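Everything below concerns the one structure shown next.
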Ligand code: HEC
C-alpha cells in the first residue's frame, strides 16, 4: 500500500513539475538538506512586511499556532507549534525558508503546519484556491527576513 502511495505521489509530482516547467513557482523550489538556498522571489525579504504577514489572519496566520513574545499586543497566540522567540538562534535563514515554503519537507508528511508556498496545502481546499500557494514568493521572503530577527 505504501509503495502504491509513493508511486502515485511520484507521478503527481512529475505532472506538477511538467505544468510548471517554464514558470518559476512552487513546483520549482529546490530543497537540499532541509534548506532552500535561493530567494524564492529573487529579491531580499523585508522584515517589517514579514511581521505583517506573520500576524495577518488572512495571510500567514502564524499566531494561530505559534506564540510570539514580540507581538504581545495581538490576541490569541496558539500553542500548536513551538514559540517563535529565538527561532533565528535555532535555524539558519535557508532552513527557515524551507520550513515556511513547505514544512513537510523539513518535519515530514505528518506535520500540521501548512506549506505556504506549496501546492500541497492540504485537504478540502476551497475550489478557487486549488493550485495556488497561500503566500506569494515575496511574502515568504518577507516572513523569513522577519523570523531571522527573532533572537534571544
Ligand atoms: C496549523 C498550525 C501552524 C501554523 C498555522 C503555522 N505553523 Fe509553524 N509549526 C507548526 C508546528 C506543529 C511546528 C513544529 C513542527 C512539527 O511538529 O510539525 C511548527 C514549526 C515551525 C518552525 C520551527 C520552529 C522551531 O523552533 O523549531 C517555524 C520557524 C515555523 N513553524 C514558522 C511558521 C510561520 C512563519 C508560520 C506562518 C507563515 C507558521 N509557522 C504557521 C504549526 C503551525
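Let me have the relative contact order for the range 24-147, percent, based on Cα pairs under 8 Å that are six or more residues apart. Write down the numbers at each step before the final one.
On the way: 196 pairs, mean separation 46.3, N = 124.
Relative CO of the range 24-147 lands at 37 percent.
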Quick check on the range 24-147: take the gyration tensor over C-alpha atoms, sort the square-rooted eigenvalues as a ≥ b ≥ c, and tell me if it's rounded (a/c under 1.5), prolate or oblate. rounded
Counted neighbours (other Cβ, 10 Å), sorted fewest up, put 134, 99 in the order 134, 99
Multiply the residue separation of residue 32 and residue 48 by 0.36 nm, subtract the distance between their alpha-carbon atoms, and state the gained length in nm to one decimal. 3.0 nm
Determine the shape class of the range 74-129: with a ≥ b ≥ c the square roots of the Cα gyration tensor eigenvalues, call it rounded for a/c under 1.5, and otherwise prolate if a/b is greater than b/c, oblate otherwise. oblate
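Values quoted throughout were computed directly from the atomic coordinates according to the rules given, and no laboratory measurement underlies them. What you see is a predicted model; the values in this text were computed from it and never measured. Virtual Cβ from ideal backbone geometry, glycine too; neighbours counted across all protein chains shown.
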